[in-house]
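K.L.:
Encoded as structure tokens, here's the structure I'll be asking about.
The values are calculated or read from the model by the stated rules, or taken from the named source; none is laboratory data. All of these numbers come straight from a predicted model, not from anything done at the bench. Using ideal geometry, Cβ is built from the backbone for each residue, glycine included, and neighbour counts are taken over all protein chains shown. The area values use the complete protein model at the heavy-atom level, side chains included, leaving out ligands, DNA and RNA. Shrake-Rupley method; radii C 1.70, N 1.55, O 1.52, S 1.80 Å.
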Amino acid sequence: MKLLSALVLSLISFVSLADDGSRLWLKYDFIQDEAYRKSVQKAFRQIVVLDQTETTQVAAEELQKAFSGFTGKSISITTSAAEKSIVLKIGSVPRILNNEGFIISSTSKGAEIISPTDKGLLYGAFALIRRIQTGQSLDFELAESPKVQVRMLNHWDNANGTVERGYAGSSIWKWFELPYRIDPRYIEYARANASIGINAASINNVNASSRFLTAEYLEKIKAVADVLRPYGIKVFISVNFRSPRTLGGLETSDPLDPGVRQWWKHKTEEIHRYIPDFGGYLVKANSEGEPGPQDYGRTHADGANMLAEALKGHDGIVIWRAFVYKADPNGDRFKEAYDQFKPLDGTFDEKVIVQVKNGPIDFMPREPFHPMFGAFPETPLAMEFQITQEYLGHSTHLTYLAPMFEEVLDADTYAKGEGSTVGKVIDGSLHNYPITVMAGVANTGSDANWTGHPFGQSNWYAFGRIAWDHTLSSEQIAEEWTKMTLTKKPEAIKNVVDLMMKSHPTYVKYTYPLGLAHMMGEGHHYGPQPWLEKSGRPDWTSVYYHRAAKDGIGFDRTGGMSDALSLYSPDVQKAWGDPQTMDLNYLLWFHHLDWDYELPTGKTVWNELMTRYYQGVDEVEELQKRWNSLEPYIDQETFENVKGRLAIQHKEALWWRDSCYLYFKQFLEKPLPVGLEEPKRTLEDVKELEHIYHLR
């Protein structure tokens, strides 16, 4: 019998090592630490559900699955309390901030999870599971509440199964199979999101097709909503503003036209017949060719308020994107959203929230925080991050994004004095916003591991954790994720976390050091193209942003080329206005400097720029060495996957470095800093490489 037990345990251990990444961070593998495993088994022998709902049943089943996996012993679900139980109880909890919060109390009798709602119990269940997965003490009390109300994934998924800026296969939504076949991955997707507190999903591209508002597609969306609902996730739909004409046969989509307003009211009522808890509308309007209210001489507020009126009597909201800009060769795209929306502050309906990208251009690897944050006391602003790595190496570069998210949310707007952080704008505490939203553009796809790069999972995980509580540190989140997905060996955890924390600064060094931006390949956004000077719009070129010439490099936003710095508070202007005292990571966002300008580092702009490009490549080599040292601790399939992608990353870091050096050196007659070697290829060589990726 002992031999059989040992064989079973050995088998469990072996199976846990075989991993294609499909389980994400929900790996409920057998706990190898015998003492800890026995203490878990002793503390929790059954699950008690005192209030029966679909969601409490989901929470109980998740706990059952987790603790059976952790201990190798079955654990039952019951409705009557007993010793050594995990008790799920709906009840008043005075110490939490909202009804999705929870308290977990560990006692000698087990643990009790209490929340005002079944959704809170679900989040509490996952918090307890996470605690066990990461090997923490079983003697504890934990009280948590989400800081943001709507924590949302924005899917840029199209009806034909493609994903715009998606790098992990096709869409997870199988529209041609719905509503008659429910792909099992929908449930796995719901579990993963619930485990990190995500409670909303817009399921189609913001460059929206009107077909998603037809009865044919509403029936399909209903099927998805029915799967997600028990996991606390509401469905939003991205809408095409021209839909009254496209679907309704109207002659206009003017938001002030009575017939148009009536059409949206009827459509909204129809949606609610399919999806009673419909989350609301997400809108991209008058941006990059998408239709909108400005087509009829109306404002963004006119368009948003029309949709808000249609939602009256329902809980849904309107999320109106602020990503708008004109094609003006003499303007500054940095200012466009602020200029268009600032005059409208206070004119939006109470059901409207304006969704703002973290930076003023377009999800660049490092941007100054958007000047709208802190400047809109009367209009709720939502944060839009990009989890998919459109400008951050697609799914071939290891780039952990939590430090970037953290950097933006911790930035001080000084809107109400020191400490007026972007995070406080987003959670509503700075301006008392009635609606709060944090959205992330999803990086999910049909690949077995969901995100292409195994470390892409950490960005999905980190977004959810930060949306729940933006005061969590990116290092803490990295450690959690590492323990739940890769390894529990202390010596290996430290190395993985260190590798993750260094990855984003490294990426910035070999692509956009010193605040450079928007030099990626045209259209595909893959690899470098700093020489791009002609495109469909001037602000789609590279030269529009870097302004490299014989007199220097950078975009002067202090009043020369643009006065965009003036959009910020005086304290922020002071912080970024002087090249000698500012954070050099934002230098060329705000200053056009001579190549020979001496920086506080003691180097000239040219030497500092080139040093950082070369350091970036060296640091990728260090990432490779660090990862190779982890082979004994990592599942072999995952190890080889990451190893191969790091090799690609090294090749492309060299591509970026060489392209930018060879292009910029045309403007000055200066050698590389001492100790740096000339590339072995020419500018024509790297231009041809970019041309290959641009071929159709």
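K.L.:
Do we have V354 as touching a Lys or Arg at 6+ places or on another chain (Cβ under 7 Å) and buried (at least 24 other Cβ atoms within 10 Å of the Cβ) here?
P.N.:
Spelling it out, it is not the case that V354 is touching a Lys or Arg at 6+ places or on another chain (Cβ under 7 Å) and buried (at least 24 other Cβ atoms within 10 Å of the Cβ).
K.L.:
Now a separate question. With respect to the numbered conditions (1) of a type outside the set (F, W, Y); (2) open to solvent by 40 Å² or more (accessible area, probe 1.4 Å); (3) part of a helix (DSSP H, G or I), which one is the sole condition not fulfilled by E288?
P.N.:
(3)
K.L.:
If you check every pair at least six apart or on different chains, which have Cβ atoms under 6 Å apart with a residue in region 602-630 that is farther than 17 Å from H650 by Cα and touching a residue at least 60 places away in the same chain (Cβ under 8 Å) first and a residue that is of a type in the set (V, I, T) and open to solvent by 20 Å² or more (accessible area, probe 1.4 Å) second?
P.N.:
Pairs that qualify, where the first residue is farther than 17 Å from H650 by Cα and touching a residue at least 60 places away in the same chain (Cβ under 8 Å) and the partner is of a type in the set (V, I, T) and open to solvent by 20 Å² or more (accessible area, probe 1.4 Å), are E608/T601.
Condition check ((1) open to solvent by 20 Å² or more (accessible area, probe 1.4 Å); (2) out of contact with any Pro (no Cβ under 6 Å at 6 or more places or on another chain); (3) under 24 Å from W25 (Cα atoms)) across all residues:
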site	(1), (2), (3)
S74	yes, yes, yes
G101	no, yes, yes
I104	no, yes, yes
G110	no, yes, no
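K.L.:
Among the numbered conditions (1) in a helix (DSSP H, G or I); (2) closer than 24 Å to E608 by Cα, tell me where V642 comes up short.
P.N.:
(2)
K.L.:
Condition test on I90, is it open to solvent by 50 Å² or more (accessible area, probe 1.4 Å), touching a residue at least 12 places away in the same chain (Cβ under 8 Å), β-branched (V, I, T) and within 24 Å of R191 (Cβ to Cβ)?
P.N.:
yes
K.L.:
How many residues, within region 412-426, are under 19 Å from the mean Cα position of the chain (by Cα) and open to solvent by 30 Å² or more (accessible area, probe 1.4 Å)?
P.N.:
Going through region 412-426 one residue at a time, the tally reaches 1.
K.L.:
Let me spell it out: the conditions are (1) open to solvent by 10 Å² or more (accessible area, probe 1.4 Å); (2) closer than 22 Å to H431 by Cβ, and Q294 meets all of them except one. Which number is the exception?
P.N.:
Looking at each condition in turn, Q294 falls short on (2).
K.L.:
Residues N207, N193: which one is open to solvent by 10 Å² or more (accessible area, probe 1.4 Å) and touching a strand residue (DSSP E or B) at 6+ places or on another chain (Cβ under 9 Å)?
P.N.:
Matching residue, one of N207, N193: N207.
K.L.:
Quick check on my filter: what residues within region 118-177 are β-branched (V, I, T), closer than 24 Å to K222 by Cβ and open to solvent by 10 Å² or more (accessible area, probe 1.4 Å)?
P.N.:
Within region 118-177, V150, T162, V163 meet the criteria.
K.L.:
Considering D571, D658, which residue is over 30 Å from K489 (Cβ atoms), part of a helix (DSSP H, G or I) and in contact with a Pro (Cβ under 7 Å, 6 or more places away or on another chain)?
P.N.:
Result of the check over D571, D658: D658.
K.L.:
Which one of these is closer than 19 Å to G527 by Cβ and either in contact with a Phe, Trp or Tyr (Cβ under 7 Å, 6 or more places away or on another chain) or among the basic types (K, R) (or both): R626, R681?
P.N.:
R681
K.L.:
Please enumerate the residues belonging to region 528-542 that are modelled with pLDDT under 95 and surrounded by 20 or more Cβ atoms within 10 Å (Cβ to Cβ).
P.N.:
D539
K.L.:
Please go through region 147-163 and pick out each residue that is among the polar types (S, T, N, Q) and in contact (Cβ under 8 Å) with a residue 24 or more places away in the chain.
P.N.:
Q149, N154, N158, listed by residue number.
K.L.:
Can you name the residue in region 311-351 that is assigned to a loop (DSSP other than H, G, I, E, B) and hydroxyl-bearing (S, T, Y) and, of all such residues, is least open to solvent (accessible area, probe 1.4 Å)?
P.N.:
Only one residue fits best here, namely Y325.
K.L.:
Continuing with this model, one more query. Condition check: surrounded by 21 or more Cβ atoms within 10 Å (Cβ to Cβ), touching a residue at least 24 places away in the same chain (Cβ under 8 Å) and assigned to a loop (DSSP other than H, G, I, E, B). Does H518 satisfy that?
P.N.:
Judged against the criteria, H518 is a match.
K.L.:
Okay, moving on. Contact list please: Cβ distance under 6 Å, first residue in region 267-282 and under 19 Å from D157 (Cα atoms), second residue polar (S, T, N, Q) and surrounded by 21 or more Cβ atoms within 10 Å (Cβ to Cβ), pairs at least six apart or on different chains.
P.N.:
Final answer for the pair search is L282/S202; L282/S238.
K.L.:
Please tell me if L9 is at pLDDT below 95, closer than 23 Å to E480 by Cβ and not aromatic (F, W, Y).
P.N.:
no
K.L.:
Let me ask something else. From T471, T396, which residue is of a type in the set (S, T, Y), within 24 Å of E619 (Cβ to Cβ) and open to solvent by 20 Å² or more (accessible area, probe 1.4 Å)?
P.N.:
T396
K.L.:
Here is a further query. C660 versus (1) modelled with pLDDT under 95; (2) in contact with a Phe, Trp or Tyr (Cβ under 9 Å, 6 or more places away or on another chain): which is the lone unmet condition?
P.N.:
So C660 meets the others, but not (1).
K.L.:
Out of the residues in region 218-254 that are assigned to a helix (DSSP H, G or I) and polar (S, T, N, Q), state the one that is surrounded by the fewest Cβ atoms within 10 Å (Cβ to Cβ).
P.N.:
T246
K.L.:
Further question on the same structure: In the list E112, E61, which residue meets the criterion of being under 22 Å from Q136 (Cβ atoms), without any contact (Cβ under 8 Å) to a residue 40 or more places away in the chain and charged (D, E, K, R)?
P.N.:
Result of the check over E112, E61: E112.
K.L.:
Moving on to the next point. Show the residue pairs meeting these rules: Cβ distance below 8 Å; 6+ apart or different chains; first residue within region 491-515 and under 13 Å from A653 (Cβ atoms) and among the hydrophobic types (A, V, I, L, M, F, W, C); second residue open to solvent by 10 Å² or more (accessible area, probe 1.4 Å) and not in a helix (DSSP H, G or I).
P.N.:
V508/R366
K.L.:
Tally the residues that are under 34 Å from the mean Cα position of the chain (by Cα) and part of a loop (DSSP other than H, G, I, E, B), restricting the search to region 255-268.
P.N.:
1
K.L.:
Further question: Taking K265 as the residue in question, decide whether it is among the basic types (K, R) and surrounded by 22 or more Cβ atoms within 10 Å (Cβ to Cβ).
P.N.:
no
K.L.:
A follow-up question, please. Taking W595, is it in contact (Cβ under 8 Å) with a residue 24 or more places away in the chain, open to solvent by less than 60 Å² (accessible area, probe 1.4 Å), among the aromatic types (F, W, Y) and in a helix (DSSP H, G or I)?
P.N.:
Here the answer is no, as W595 does not meet what is asked.
K.L.:
Then there's this: Answer yes or no: is there a residue in region 269-284 that is under 18 Å from P244 (Cα atoms), assigned to a loop (DSSP other than H, G, I, E, B) and not charged (D, E, K, R).
P.N.:
No - not one qualifying residue is present in region 269-284.
K.L.:
Turning to a different aspect of this structure: Out of everything in region 661-681 that is part of a helix (DSSP H, G or I) and of a type outside the set (F, W, Y), what residue ends up being most open to solvent (accessible area, probe 1.4 Å)?
P.N.:
Q666
K.L.:
Of L381, L401, L409, which residue is closer than 28 Å to K643 by Cβ and open to solvent by less than 10 Å² (accessible area, probe 1.4 Å)?
P.N.:
L401
K.L.:
A follow-up question, please. Residues of region 21-69 being of a type in the set (D, E) and open to solvent by 30 Å² or more (accessible area, probe 1.4 Å), which ones?
P.N.:
Scanning region 21-69 gives D29, D33, E34, D51, E54, E61.
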